[in-house]
1. What list of ³J(HN,Hα) values in whole Hz, one per residue of the stretch A:133-147 in order, does the Karplus curve 6.51 cos²θ - 1.76 cosθ + 1.60 (θ = phi - 60°) give from phi, with Gly and Pro shown as x?
2. Straight distance only, please: which lysines reach the Cα of B:LYS43 with their own Cα at less than 25 Å, same-chain residues fewer than 8 apart left out?
3. What are the nm distances, shortest first, from A:ASP204 to its equivalents in the other copies, labels at 7 Å along Cα→Cβ?
4. Amide H to amide H, which residues 5 or more places from B:VAL162 or on other chains are under 5 Å from it, using H placed in the peptide plane?
5. Using a label point 7 Å beyond Cα on the Cα-Cβ vector, give me the inter-copy distances for A:ALA142 in nanometres, one decimal, shortest first.
6. Report the local net charge at A:LEU35: Lys and Arg +1, Asp and Glu -1, summed over other residues whose C-beta lies under 9 Å from its C-beta.
7. Please calculate how many Å² of accessible area the stretch A:71-223 carries per residue, with a 1.4 Å probe and no DNA, RNA or ligand atoms counted.
8. How large is the helix-only mean residue ellipticity at 222 nm for chain A, computed as the sum of -39500 (n - 2.57) over DSSP H runs with n ≥ 4, divided by its residue count, in deg cm²/dmol to the nearest 500?
There are 2 protein chains.
Amino acid sequence: MHKIEVGTDILATNDSLAHHNRQHFIETGVYVLNLMSGPGAGKTTLLERTLAALADRYHIGVIEGDVQTRADADRIAATGVPVIQINTGSACHLDARMIHDHLDVFELDELDMLVIENVGNLVCPAEFDLGEHDKVMLLSVAEGADKPGKYPVMFHVAKALVLNKIDLLPYVDFDVERAERDSRALNMDLEIFRLSARTGQGLDAWLSWVEGRIARVRSQHPR
Amino acid sequence: MHKIEVGTDILATNDSLAHHNRQHFIETGVYVLNLMSGPGAGKTTLLERTLAALADRYHIGVIEGDVQTRADADRIAATGVPVIQINTGSACHLDARMIHDHLDVFELDELDMLVIENVGNLVCPAEFDLGEHDKVMLLSVAEGADKPGKYPVMFHVAKALVLNKIDLLPYVDFDVERAERDSRALNMDLEIFRLSARTGQGLDAWLSWVEGRIARVRSQHPR
């Protein structure tokens with residue numbers, strides 16, 4: 001019982017800090033995307049592809065969250081985009097304070113987009129608001145189509161779902177229609193993209209959507 | 001400190017019950033709208049108008065939440081729509097358990113829409129997920145355009161904002177552009193309707209949106 005109370009006290013504090021972050025993002029006009037998935041669904045690969053396509057036209061910053069290592073940050077740094085690595089230690093998710101304490105690394109008002117790659121986990125990151133504009137989740141078709149029922153909160157809070165690794169569809173049992181139907185039952189406005197970050201198939205629709213989101217924030221916060 | 005822990009423990013329990021409610025709503029295919037505002041912003045009048053326009057074509061149920069009295073439920077009952085009144089006693093909001101414990105009053109799988117009119121309060125109802133599809137908030141232009149800054153959570157979680165009592169605009173200092181700009185800064189996808197529930201001005205766009213939401217749920221849950 002004590003453990004639960006500590007956990008939920010943390011949640012309430014987090015919400016308050018997340019709203020503080022949100023004010024920063026509103027004032028500086030930067031679009032903030034929180035990228036979430038289970039381990040190995042392809043977040044970093046999608047991010048590399050996204051940066052390769054957009055970094056010549058937009059100022060983008062990246063925060064990498066991992067329990068340990070700076071392997072993902074090194075991959076992102078290789079693209080030339082400014083990146084910081086947060087190691088959460090024992091925590092299975094990023095929280096609003098970790099984000100807040102690292103924001104001064106970036107010149108937020110010169111960024112068009114800040115991407116936060118969360119710790120690979122389909123549970124806790126869904127509960128921790130970071131102050132972002134959009135939560136985007138990836139689901140690899142190699143993980144199976146039963147995930148909406150098992151992780152309903154993640155599917156409910158996401159703005160968009162990326163069904164990744166569709167190049168593997170011929171080799172796995174994954175019912176795309178079922179996954180999409182069950183996802184939309186939990187979240188009827190969910191945007192869904194079917195793509196392969198590895199091969200590049202389906203990437204254009206995703207990139208257009210990201211650009212639209214950046215433009216939408218920009219239209220509401222003229223610099 | 002103890003008070004905060006109790007409060008946040010309630011929040012975590014509420015989230016779990018809200019997801020349970022959501023499963024009921026998904027399984028029965030009923031669209032659920034949680035209507036929220038400060039006191040006297042016009043929730044019940046908007047609801048009367050909405051029922052008058054839609055109740056001949058849709059099966060609609062209503063849950064009225066108030067600290068005390070069944071005055072609002074009596075107004076809704078006069079329209080012929082099935083309604084129950086929940087008196088929260090000391091609580092300034094409805095919670096997921098109150099909704100769950102009253103759902104058996106309705107034949108959910110025969111309803112197209114269930115409207116939950118929350119307690120008049122711009123703070124706590126925003127924090128308590130009921131399992132609804134959409135949170136809709138009303139702001140009366142008589143309340144002032146400074147409300148997004150003062151009640152950011154409510155504006156952040158709402159799917160739609162009804163700016164009500166626009167027939168009073170000539171008589172009050174209310175900067176519509178500022179209110180809409182500040183609202184969208186907190187929530188860039190917010191749908192905004194300017195209307196007067198009393199005169200009927202602007203009601204059509206609102207009604208079309210509600211019908212679209214009912215249709216969207218229906219399309220995802222064919223009966």
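The values are calculated or read from the model by the stated rules, or taken from the named source; none is laboratory data. All of these numbers come straight from a predicted model, not from anything done at the bench. Reconstructed Cβ throughout: ideal geometry from the backbone, glycine too, with neighbour counts over all protein chains shown. Accessible surface is based on the protein model in full, side chains and every heavy atom, while ligands, DNA and RNA are left aside. Shrake-Rupley method; radii C 1.70, N 1.55, O 1.52, S 1.80 Å.
1. 6, 10, 8, 10, 10, 10, 10, 7, 5, 6, 7, x, 8, 8, 5
2. B:LYS135, B:LYS147, B:LYS150, B:LYS159, B:LYS165
3. Those separations, rounded to one decimal, come out as 3.8 nm.
4. Excluding prolines and chain starts, which carry no amide H, the hits are B:MET137, B:LEU138, B:LEU139, B:PHE193.
5. 6.2
6. Value of the local net charge: +1.
7. Normalised by residue count, the accessible surface of the stretch A:71-223 is 41 Å².
8. That comes out to -12500 deg cm²/dmol.
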